[in-house]
Ligand SMILES: NC(=O)c1ccc[n+]([C@@H]2O[C@H](COP(=O)([O-])OP(=O)(O)OC[C@H]3O[C@@H](n4cnc5c(N)ncnc54)[C@H](O)[C@@H]3O)[C@@H](O)[C@H]2O)c1
């Protein structure tokens with residue numbers, strides 16, 4: 001698109017204005033400002049410019065199907081039939097539940113994890129839900145093997161529509177005692193693992209020209225320190241995931257690839273059980289710190305992620321959904 005230099009006498013405005021809707025370089029001010037400014041000034045240059053624009057521009061019209069809310073039911077919008085969802089860290093815990101949530105809406109699922117085999121509940125996907133489900137043993141931190149795994153997923157399923165990044169680890173240790181190796185491992189899995197998985201998924205979505213949805217699992221720990229826990233490097237890693245989400249949501253939007261995060265509070269999984277086992281006071285914190293006075297369940301998360309993967313969330317990108325029982329809002 002063309003950029004023009006503009007100076008509006010009497011308003012002290014000067015800068016660049018975009019002569020279209022898709023300028024690559026950022027305009028200093030918009031056409032609305034130009035014409036508003038001109039209405040109170042006498043500037044032949046701006047006058048000619050604004051007039052020529054108003055002749056060219058079509059009458060302002062919102063291009064929207066005003067009947068869509070009646071013709072597209074909630075059930076239709078939520079359906080994931082015919083879609084393929086990749087879930088990292090899906091052998092157990094939250095990832096397993098998120099994979100099941102998308103499968104319950106009809107998606108085929110490719111589950112990636114470092115464990116030798118997934119929990120038995122994974123086997124139910126195909127049996128109970130009638131979708132295709134396949135398990136891939138891989139690490140999200142190894143770019144070469146992760147890339148081969150994505151190639152295998154594409155060979156097996158033909159496409160990728162959604163990518164949910166749940167693979168993650170936590171270190172609960174005082175800041176001054178955490179070693180560089182521990183810190184780097186958390187960053188490697190939680191940040192680089194998310195980055196590489198999202199990149200491989202987005203490349204395929206772009207090649208398909210189909211759009212897609214990427215949902216990253218962040219944490220309330222990116223937003224607040226939590227009682228009885230020391231989560232400096234974990235919180236930092238989840239903050240990075242949220243920053244990555246915002247960057248990608250804009251960068252990938254021309255390909256209609258949406259990118260969002262969820263930030264769970266305490267959710268009952270192997271991860272929280274392990275943490276509670278090393279610190280018994282954590283058990284009561286997990287059960288009572290949230291205003292809703294219970295630890296979260298994986299069932300509290302799966303619908304949120306399935307929604308973000310679906311067309312029901314077609315206008316939702318760059319956002320974070322907190323599922324914390326109110327933990328982020330305050331204490332009773
Ligand atoms: N449980 C909670 O309370 C809670 C709260 C907020 C966020 N989270 C986040 O949710 C996600 C899942 O946590 P969870 O509680 O289910 O933990 P979990 O330990 O039960 O599951 C994590 C999964 O990630 C896999 N994984 C770890 N490293 C991997 C690697 N390099 N490559 C591939 N897979 C790998 C593990 O094998 C495991 O199956 C994590 O990102 C975690 O940070 C959990």
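The values are calculated or read from the model by the stated rules, or taken from the named source; none is laboratory data. Note that this is a predicted model, so its numbers are computed, not measured. Cβ: placed from backbone, ideal geometry, glycine included. Neighbour counts: every protein chain shown.
If I filter the range 241-258 for residues that are within 25 Å of residue 181 (Cβ to Cβ), over 23 Å from the mean Cα position of the chain (by Cα), in contact (Cβ under 8 Å) with a residue 40 or more places away in the chain and within 12 Å of the ligand (Cβ to nearest atom), do I get at least one hit?
Residues of the range 241-258 that are within 25 Å of residue 181 (Cβ to Cβ), as a first pass: 241-244.
Filter once more, keeping what is over 23 Å from the mean Cα position of the chain (by Cα): none.
Looking through the range 241-258, none of the residues is within 25 Å of residue 181 (Cβ to Cβ), over 23 Å from the mean Cα position of the chain (by Cα), in contact (Cβ under 8 Å) with a residue 40 or more places away in the chain and within 12 Å of the ligand (Cβ to nearest atom).
Number of residues in the range 266-282 that are more than 8 Å from the ligand (Cβ to nearest atom) and under 18 Å from residue 326 (Cα atoms): the value is 1. Of all residues in the range 102-129, those satisfying the criterion of being farther than 19 Å from residue 198 by Cβ and assigned to a helix (DSSP H, G or I) are 103, 104, 120, 121, 122, 123, 124, 125, 126, 127, 128, 129. Considering only residues that are over 18 Å from the mean Cα position of the chain (by Cα) and either within 10 Å of the ligand (Cβ to nearest atom) or free of Cβ contacts under 8 Å to residues at least 40 places away in the same chain (or both), look in the range 77-108 and name the one that is surrounded by the most Cβ atoms within 10 Å (Cβ to Cβ). If we take residues in the range 77-108 being over 18 Å from the mean Cα position of the chain (by Cα) and either within 10 Å of the ligand (Cβ to nearest atom) or free of Cβ contacts under 8 Å to residues at least 40 places away in the same chain (or both), then 103 is surrounded by the most Cβ atoms within 10 Å (Cβ to Cβ).
When the range 287-305 is examined, which residues are found to be in contact with a strand residue (DSSP E or B) (Cβ under 9 Å, 6 or more places away or on another chain) and assigned to a helix (DSSP H, G or I)? Result: 300, 301, 304, 305. For the range 230-237, the count of residues that are surrounded by fewer than 18 Cβ atoms within 10 Å (Cβ to Cβ) and within 15 Å of the ligand (Cβ to nearest atom) is nonzero. Scoring residue 172 on the criteria (1) over 13 Å from the mean Cα position of the chain (by Cα); (2) surrounded by fewer than 17 Cβ atoms within 10 Å (Cβ to Cβ); (3) touching a residue at least 12 places away in the same chain (Cβ under 8 Å); (4) closer than 29 Å to residue 299 by Cβ leaves a single failure, condition (2).
When residue 96 is tested against (1) more than 30 Å from residue 225 (Cβ to Cβ); (2) in a helix (DSSP H, G or I), only condition (1) is not met. The one condition from (1) buried (at least 19 other Cβ atoms within 10 Å of the Cβ); (2) over 19 Å from residue 193 (Cβ atoms); (3) touching a residue at least 12 places away in the same chain (Cβ under 8 Å) that residue 263 does not meet is (2). For the range 296-304, indicate whether the set of residues that are within 11 Å of the ligand (Cβ to nearest atom) and exposed (fewer than 14 other Cβ atoms within 10 Å of the Cβ) is non-empty. Checking the range 296-304: at least one residue is within 11 Å of the ligand (Cβ to nearest atom) and exposed (fewer than 14 other Cβ atoms within 10 Å of the Cβ). Being at negative phi, at pLDDT below 95, surrounded by fewer than 21 Cβ atoms within 10 Å (Cβ to Cβ) and within 16 Å of the ligand (Cβ to nearest atom) is a description that does not apply to residue 31.
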